[in-house]
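The values are calculated or read from the model by the stated rules, or taken from the named source; none is laboratory data. Since we're looking at a predicted model, the values are computed, not measured. Here the Cβ positions follow ideal geometry from the backbone for every residue, glycine too, while neighbour counts run over all protein chains shown.
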Amino acid sequence: MKLTIKYFASIREQIGVAQEVIEIDAPQINLAELRAQLIARNPQTADALATARPVRVAVNHEMVAGAFVDTFAVRQDSEIAFFPPVTGG
């Protein structure tokens with residue numbers, strides 16, 4: 001399945017890319033599995049998306065929050081966006 005992955009702010013800066021299209025050999029994948037696959041690719045992505053870091057996720061322009069983040073399933077042609085936590089002042 002084809003997925004569009006977008007990275008924002010400090011995550012984009014660490015990875016060095018704003019957007020990519022990836023192929024996953026499965027009809028669906030949950031966000032925890034997707035994040036683990038991305039983390040396994042290289043040290044920059046591993047650091048930017050480390051599970052110990054608070055990273056916000058949106059699927060098809062809808063924020064996924066709380067207990068659903070790890071188990072939320074994405075399907076063909078989904079757009080997944082990763083954001084660092086936002087602070088204001």
Candidate set from segment 4-47 (those that are touching a Phe, Trp or Tyr at 6+ places or on another chain (Cβ under 9 Å) and touching a residue at least 60 places away in the same chain (Cβ under 8 Å)); member that is farthest from V86 (Cα to Cα): I5
Index of the failed condition, P85 passing every other in (1) under 20 Å from M1 (Cβ atoms); (2) of a type outside the set (D, E); (3) without any contact (Cβ under 8 Å) to a residue 60 or more places away in the chain; (4) touching a strand residue (DSSP E or B) at 6+ places or on another chain (Cβ under 7 Å): (1)
Contacts under 9 angstrom Cβ, first residue in segment 64-76 being more than 15 Å from Q37 (Cα to Cα) and of a type outside the set (K, R), partner at pLDDT below 95 and loosely packed, with under 11 Cβ neighbours inside 10 Å, 6 or more apart: Q76/P27
Members of segment 52-89 found to be surrounded by 12 or more Cβ atoms within 10 Å (Cβ to Cβ), at pLDDT below 95 and assigned to a loop (DSSP other than H, G, I, E, B), listed by number: R53, V55, F72, P84
Some residue of segment 32-41 being in contact with an Asp or Glu (Cβ under 8 Å, 6 or more places away or on another chain) and outside any strand (DSSP E or B): yes
